[in-house]
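Written below as C-alpha cells is the structure these notes are about.
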Amino acid sequence: MSSTRPEPIRVFLSYAGDDAPMAHRLAEALEARGLDVQSDWKLPADERWRERLTELLEQSPNIVLLFTPHALASRWANFELGVALGRAHRSPELRIVPVLVGVGSERLPAFVRSRNHLVRTDAEHLDEAGGLIVRQLTGARKRHSAAG
C-alpha cells in the first residue's frame, strides 16, 4: 500500500526590494509549514528575468502580497500587484493574501480590501503571520492579526 503525500501549496510572495530581509523571514515561516514559496530571488538574473517573474505570477495559484510603506512606493511591487489584480479579475479561484506591515488597509486598492482577507502583523510577528497565511490558504475565512 503506497501513500502519496499531497502536493505542497504553491504561493508567490510579492515584496519590495527594501523589505527583502522581512520577505525572506516570512518565506522561511511559510516553508516551515510546508508551503512551496516562489519569489523573484529564486530567478536567474538574466535578460528573461521579467518574463520569468510574470510567468511565476501567472501560474501561482496563491499570491501573498507583503504590503509595507516600501511596497506601496515600489515599482516592482506595484507591477506584481497589477499582474495579481489582472489575474484575479480573470480567475476568481486565485487566492490573494495581503499581509499588512506598517500600513492601514485604506492604503490598499479597494478590490484587494473587498475580496481578500487581510493579515495584519509587524516585523516581529512574521512567524505567527505565516500560520495565519496557511490558515487563509487552507480554508479559514476571517480577518486575522498576528500582532499582539
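The values are calculated or read from the model by the stated rules, or taken from the named source; none is laboratory data. All values derive from a computational prediction rather than experimental measurement. Neighbour counts run over all protein chains shown; Cβ positions are idealised from the backbone, glycine included.
How many of the residues making up the stretch 47-106 are part of a helix (DSSP H, G or I) and among the hydrophobic types (A, V, I, L, M, F, W, C)?
Total satisfying the criteria: 15.
Output the residues belonging to the stretch 107-128 that are over 15 Å from ASN62 (Cβ atoms), assigned to a helix (DSSP H, G or I) and among the hydrophobic types (A, V, I, L, M, F, W, C).
Within the stretch 107-128, ALA110, PHE111, ALA123, LEU126 qualify.
Restricting attention to the stretch 60-76, does a residue exist that is over 18 Å from VAL119 (Cα atoms), over 13 Å from the mean Cα position of the chain (by Cα) and free of Cβ contacts under 8 Å to residues at least 24 places away in the same chain?
The answer is yes; a qualifying residue exists.
Can you find, within the stretch 57-71, the residue that is surrounded by the fewest Cβ atoms within 10 Å (Cβ to Cβ) among those that are of a type in the set (A, V, I, L, M, F, W, C) and under 10 Å from LEU13 (Cα atoms)?
Just the residues of the stretch 57-71 that are of a type in the set (A, V, I, L, M, F, W, C), to begin with: 57, 63-67, 71.
Within this subset, residues satisfying the condition of being under 10 Å from LEU13 (Cα atoms) are 57, 63-66.
On the way: LEU57: 21, ILE63: 25, VAL64: 29, LEU65: 23, LEU66: 26.
Here the answer is LEU57.
May I ask you to say which residue of LEU132, LEU137, LEU108, LEU100 is out of contact with any His (no Cβ under 8 Å at 6 or more places or on another chain) and buried (at least 21 other Cβ atoms within 10 Å of the Cβ)?
Values: LEU132 fails: out of contact with any His (no Cβ under 8 Å at 6 or more places or on another chain); LEU137 fails: buried (at least 21 other Cβ atoms within 10 Å of the Cβ); LEU108 fails: buried (at least 21 other Cβ atoms within 10 Å of the Cβ).
The match here is LEU100.
Given the conditions (1) exposed (fewer than 12 other Cβ atoms within 10 Å of the Cβ); (2) among the acidic types (Asp, Glu); (3) in contact with a Pro (Cβ under 7 Å, 6 or more places away or on another chain), and given that ASP36 satisfies all but one, which numbered condition is not satisfied?
It fails just one condition, (1).
Against the condition touching a Lys or Arg at 6+ places or on another chain (Cβ under 9 Å) and within 19 Å of GLY17 (Cα to Cα), how does VAL101 come out, does it pass? If you could, list the steps in order and put the result at the bottom.
Numbers: touching a Lys or Arg at 6+ places or on another chain (Cβ under 9 Å): yes; within 19 Å of GLY17 (Cα to Cα): yes.
Yes; evaluated as a whole, the condition is true for this residue.
Pairs under 8 Å by beta carbon, first residue over 22 Å from PRO21 (Cα atoms) in the stretch 104-130, partner of a type in the set (Val, Ile, Thr), six or more apart or different chains?
Partner pairs satisfying both residue conditions: VAL112/ILE96; ARG115/ILE96; ASN116/ILE96; ASN116/VAL97; HIS117/VAL97.
Looking at (1) surrounded by 14 or more Cβ atoms within 10 Å (Cβ to Cβ); (2) at pLDDT below 85, which is the only condition ALA29 fails?
In the conditions (1) surrounded by 14 or more Cβ atoms within 10 Å (Cβ to Cβ); (2) at pLDDT below 85, ALA29 misses (2) alone.
Return the residue satisfying two criteria in turn: it lies in the stretch 29-46 and is in contact (Cβ under 8 Å) with a residue 12 or more places away in the chain and part of a loop (DSSP other than H, G, I, E, B), and of such residues it is nearest to the chain's Cα centre (by Cα).
SER39
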